[in-house]
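Contents: one structure, followed by commentary.
The values are calculated or read from the model by the stated rules, or taken from the named source; none is laboratory data. Please read these numbers as outputs of a predicted model, since none were measured by experiment. Neighbour counts run over all protein chains shown; Cβ positions are idealised from the backbone, glycine included.
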Amino acid sequence: MNFGPERARGLQTVWPALAGAAQAASIAMPGSGQAQGWLQVLSLAVLAAGLSRTARSHDDPAKSITLKRAAWQGSVFATVWLAGCFWWLYVSMHDVGGLPAPLAVLAVVALAAAMSLFYALACAVWVGLARHRVWFDRPWGLSVLFAAAWTLAELMRGQWFTGFPWGAGGYAHVDGVLAVWAPWVGVYGMGAIAAALAMRLALAGVGWRAAKTLMGVGALSWALQAWVPAFTTSAGVGQVELLQANISQNTKFDAGSGIRDALHWYDARLRESQQPLVVTPETAIPLLPRHLPEGYWAGLQQHFAQAGRPLALVGLPLGSLSEGYTNSVLALGPQALQGPGAYRYDKSHLVPFGEFIPPGFVWFVRQMQIPLGDFRSAGPEQPAIEWQGQRLAPNICYEDLFGEELAIRFKDPATAPTALVNVSNIAWFGDTLAVDQHLNISRLRAMELGRPMLRATNTGATAIIDHQGRVTDQLPRFTRGSLVGHYEGRHGLTPFARWASAWGLWPLWGLCCAVLGWAFLRRQRP
């Protein structure tokens, strides 16, 4: 069937958009919040099939129209996918920040469109090399080439310009067949395997070859899970209480409601806790210590300084105008933890616009009502805190999105954390899929690094995740309460923790660049 030019151009937009929407849903399905790995591979296979048809078209390879078409397909797919993943930024900018609705919508779409350029480039590069008959009779070769190009796009999005890898394809496989690869290759490696699988299925079509591909990947993943010994061993079991005040972001910094409510509730719950470890969410205490009511902070410090008291990890802002402000976690505990040597963790990876203002965007931030919107970043190599045989490593909010940065603390196995502690405030995004997406992100970090993740959040999901990424306990979301449960710390390093702590993500960068470079050198001129 032949279509006219206008209808053909329309189709080049519709099908990538539908596939991109499916890709977004695969990260956390609306309604259930569950990741759907099969949908992620299927939606990416639709894009791969379209790129394959574009590469095999009869247009003159010297013309730019084919590369433009491939770039357009990749851009539409990625724009819809990414906007569908983080549409909830609209809530933080408009509902909470007060940014006019048209500007908030434009900001979300513009961010997604800007990040889609990485994927547009990846698609154009793959089609350009495929049209030069690079391994064209070797489907697995073309599949590996696509995986390399696609993974480079994911890495660029995840690391360049401070990085925002939210919704990376690998997160869709936190519960799927490919989950077994997490402690080996991390989320980007899982995304690369999924991309190679998607292109292989697109080239194989529907039939026996596609079935063999799926069975092969399934068998290899099963064998890896069944025959490879565990990488970590138990470091003992600890008890923890995680607090969730459920304070709306619209009232969080209101002196007559949110601040008063937070100070009263957290003070009472911290003092009443009978567990060895109690954790509050990010900025649970919403004021600098010197701005708190007289005697409030000193009273908490004196309470926890007494012998036999638990260790409290409390989220609050610290600093001053002259030295800069930090988004921090401070330890309150027995006298040995107090004074100048008290443990403190300062957030390292800050959120653009929310916690620091990128150059040239002061005007944009002024449109929103975000207090303390310009924090100071600390370094990623901050030690864990030792407590009752465990080494606890805090991370704040979306810092758990950067597995390579958390892995830095695993350089020395003797001082590596036995458990991770995430304190977050997702109230910025309301009752949206951001809650489920962030939970899946934390689960994958636990799988990559082989450590439990203790999550204390303002509105949810407050949960205990074991070292295999399973949620063992969770509080109902958007309710006030405390979660009491146990966790098992772990010793030992996963392969991902070993190579990522030593080299970061450079091995993946190098491998992908090597594949593209080799394909470029082997291309055949038409």
Note to self: For the structure I just gave you, tell me whether Phe375 is in contact with a helix residue (DSSP H, G or I) (Cβ under 8 Å, 6 or more places away or on another chain), surrounded by 17 or more Cβ atoms within 10 Å (Cβ to Cβ) and either modelled with pLDDT under 95 or in the same structural domain as Pro452 (by TED's automatic domain parsing) (or both).
What the structure shows: no
Note to self: Please determine whether any residue of segment 234-247 is farther than 30 Å from Gln275 by Cβ and either at pLDDT 90 or above or in a helix (DSSP H, G or I) (or both).
What the structure shows: no
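Residue-by-condition table, conditions (1) closer than 20 Å to Gln34 by Cα; (2) in a strand (DSSP E or B):
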site: Leu454; (1), (2): yes, yes
site: Asp473; (1), (2): yes, yes
site: Phe478; (1), (2): yes, no
site: Leu493; (1), (2): no, no
site: Ala502; (1), (2): no, no
site: Pro507; (1), (2): no, no
Check: What number of residues within segment 326-354 satisfy the criterion of being at pLDDT 75 or above, within 21 Å of the chain's Cα centre (by Cα) and small (Gly, Ala, Ser)?
Finding: 2
Check: Among the residues of segment 206-220, is any surrounded by 18 or more Cβ atoms within 10 Å (Cβ to Cβ) and not assigned by TED's automatic domain parsing to the domain that holds Pro317?
Finding: yes
Notebook entry, point to check: Of all residues in segment 476-526 being of a type in the set (Phe, Trp, Tyr) and surrounded by fewer than 17 Cβ atoms within 10 Å (Cβ to Cβ), which is nearest to Asn246 (Cα to Cα)?
Noted result: Phe478
Item checked: Among the candidates Ala70, Ala113, Ala124, residue that is among the hydrophobic types (A, V, I, L, M, F, W, C), under 30 Å from Trp428 (Cβ atoms) and modelled with pLDDT of 90 or more -> Ala113
Note to self: Taking the criterion of being of a type outside the set (Val, Ile, Thr), farther than 16 Å from Cys512 by Cα and not assigned by TED's automatic domain parsing to the domain that holds Glu399, would at least one residue in segment 143-150 satisfy it?
What the structure shows: no
Notebook entry, point to check: Looking at segment 416-446, which of its residues are under 19 Å from Arg490 (Cα atoms), more than 13 Å from the chain's Cα centre (by Cα) and not polar (S, T, N, Q)?
Noted result: Ala416, Pro417, Ala419, Leu420, Val421
Next item on the list: Please give the strands (runs of 3 or more DSSP E) falling wholly within segment 370-448 in which 1 or more residues are of a type in the set (Phe, Trp, Tyr).
Entry: 385-387
Next item on the list: Can you confirm whether segment 88-100 contains a residue that is surrounded by fewer than 21 Cβ atoms within 10 Å (Cβ to Cβ), aliphatic (A, V, I, L, M) and farther than 30 Å from Leu214 by Cβ?
Entry: yes
Check: Restricting attention to segment 268-282, which residues are assigned to a helix (DSSP H, G or I) and surrounded by fewer than 18 Cβ atoms within 10 Å (Cβ to Cβ)?
Finding: Ala268, Arg271, Glu272
Note to self: So Arg290 passes all but one of these: (1) farther than 23 Å from Gly389 by Cα; (2) more than 33 Å from the chain's Cα centre (by Cα); (3) crowded, with 19+ Cβ neighbours inside 10 Å. Which condition number does it fail?
What the structure shows: (3)
Next item on the list: Could you grab the pairs with beta carbons closer than 8 Å, sequence gap of 6+ or different chains, first residue in segment 448-472 and at positive phi, second one at pLDDT 95 or above and part of a strand (DSSP E or B)?
Entry: Gly450/Arg490; Gly460/Gln244
Next item on the list: State whether the residues of segment 442-455 include one that is over 22 Å from Gly158 (Cβ atoms), touching a Gly at 6+ places or on another chain (Cβ under 9 Å) and modelled with pLDDT under 95.
Entry: no
